[in-house]
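**Q** Following this message is one structure expressed as structure tokens.
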């Protein structure tokens, strides 16, 4: 573990990996035309100058290119990963060292992330992205926190809201018997904070101009806060930009799910029976990937529209209970809890593979499995565990039930992440530079920016757009330059 002894605070696994990470950044930049175009367009005007961004998002190579794009546009940044297993250590090292620094004299961005964090370490890292006292002291400022959040899953946002809630109550509640181990760690983290300061999170919340949220789970949390009237600042739902959800969620998982399965197990997927829980954008990509590998894919759904889509796409649609004993590989991607229960695990065939590509680990009842009497957990290799069950059978659980495409592999490829992260940068600019246009609610980026993101990625794929004539544009009631669809159009 390498911890800062320099002017740039950081904690990463090994700073000597920075050169390897820098090489990967260079290759990724070639595959991320949207981000590189934003550097060229906005670099001279510095629209993020003065922005202090607390970033909580998987610390991968692609995220490194995002971070350095934000910096190129004028922002100051602190970063942590949003998952205990998703960090690529060479990427974290390269971010800390920076493009012009060395391992001996790093000049990059404060980053607190390494692969294989404990829950306690994870939440410590998350608290670090909110401590800007060193940056404030360096310029003689009176602020000590960020003014923007870039989030993936909502952990950073929830920390601010829960911290403020407990400060106002002047107490952190005791954990209940039903609370997860992770929530217990959150409570202890905030209890320690409250003992040190009675208003730290309240002040931080007051200074934040807005948050941009990357993923479905985090967006759900934001809408819950807005519905309850407790949302503290404006939010942009990046996930529901078409160029995020219809690309990252579908085409990204289509690449990274089989990549993760191959690296974890080397099991042939052709001829296997694969069960995909959920047929949203992620589930669609997962099912397509597995069918492309020659597997027989079965889908489960609660939504009749998505179920009908799956059936019309040629998949068997049924409940997990009706096919439990015949499935070789289970994949969850619903954003819900307890999709696979302990009873399901006990009924699976010997050495069935259990994988999750939803944001949190509660899609599979890992807490129930860990507390089940008579089980034995055997590590096959990092993030691959054989759970020997009381029945005499065993199941293989990947990445402790967390995102296996990032825990067992390196996540989505650079090109598709460029579409997502271009949305993130534009959303950060919107909230920081035009915050007066956004109420304390959850917003989406306007259609013209969604189309802009798509345009920035066409040349790299050799796409030539057809141009409407003026008469054609008038006939369908749009501008020649777009937007071409109404806001509620379903792509």
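The numbers here are math on the coordinates, done by the rules we state, and not lab data. Keep in mind it's a predicted model, so treat the numbers as computed, not measured. Here the Cβ is made from the backbone with ideal geometry for all residues, glycine too, and neighbour counts use every protein chain on show.
**Q** Listing 125, 306 from the residue with the fewest other Cβ atoms within 10 Å to the one with the most, what is the order?
**A** On the way: 125 23, 306 17.
Least crowded to most crowded, the residues run 306, 125.
**Q** Using alpha-carbon pairs under 8 Å, 6+ residues apart, how would you state the relative contact order of the range 344-450 in percent?
**A** Once divided by the residue count of the range 344-450, the mean separation gives 25 percent.
**Q** With a cut-off of 8 Å between alpha carbons and a minimum separation of six or more residues, what is the relative contact order of the range 223-297 in percent?
**A** Numbers: 60 pairs, mean separation 24.2, N = 75.
Result for the range 223-297 is 32 percent.
**Q** Quick check: the distance between the Cα centres of the range 427-488 and the range 138-200, to the nearest angstrom?
**A** Spelled out, the Cα-based centre of one part sits 37 Å from the other.
**Q** Which percentage, to the nearest 5, of the DSSP beta bridges contained in the chain is antiparallel?
**A** On the way: 12 of 53 bridges.
Approximately 25 percent, going by the DSSP bridge assignments.
**Q** Taking only the Cα atoms of the range 16-169, how large is their convex hull per residue, in Å³?
**A** Working: hull volume 18.8 nm³, N = 154.
About 122 Å³ per residue, rounded to a whole number.
**Q** Ranking request for peptides 80-87, 327-334: highest mean number of other beta-carbon atoms within 10 Å first, then the rest in descending order. Kindly include the intermediate steps, with their values, before the conclusion.
**A** On the way: 80-87: 26.4, 327-334: 24.9.
Ranked by mean Cβ neighbours within 10 Å, highest first: 80-87, 327-334.
**Q** Per residue, how big is the convex hull of the range 266-339 when only Cα atoms are used? Give it in Å³.
**A** Numbers: hull volume 6.7 nm³, N = 74.
Spread over its residues, the Cα hull of the range 266-339 gives 91 Å³ apiece.
**Q** I've got another one for you. For the chain, what is the mean residue ellipticity at 222 nm derived from helices alone (per DSSP H run of n ≥ 4: -39500 (n - 2.57); sum divided by total residues; nearest 500 deg cm²/dmol)? Write out the running numbers ahead of the final one.
**A** On the way: 20 runs with 202 residues, N = 491.
Theoretical 222 nm ellipticity from helices: -12000 deg cm²/dmol.
**Q** Restricting the calculation to Cα positions, tell me the Rg (one decimal) and the Dmax (whole number) of the range 1-98 in Å.
**A** Answer for the range 1-98, Rg first and Dmax second: 13.2, 38 Å.
**Q** Let me ask something additional. What is the packing order of peptides 343-352, 42-51, taking the mean over residues of other C-beta atoms within 10 Å and listing the highest first? Show your work: numbers first, answer last.
**A** Working: 343-352: 17.3, 42-51: 15.6.
By packing density, highest mean first, the sequence is 343-352, 42-51.
**Q** Now for a different question. Return the whole-Å distance between the Cα centroid of the range 1-77 and the Cα centroid of the range 285-329.
**A** Spelled out, the Cα-based centre of one part sits 38 Å from the other.
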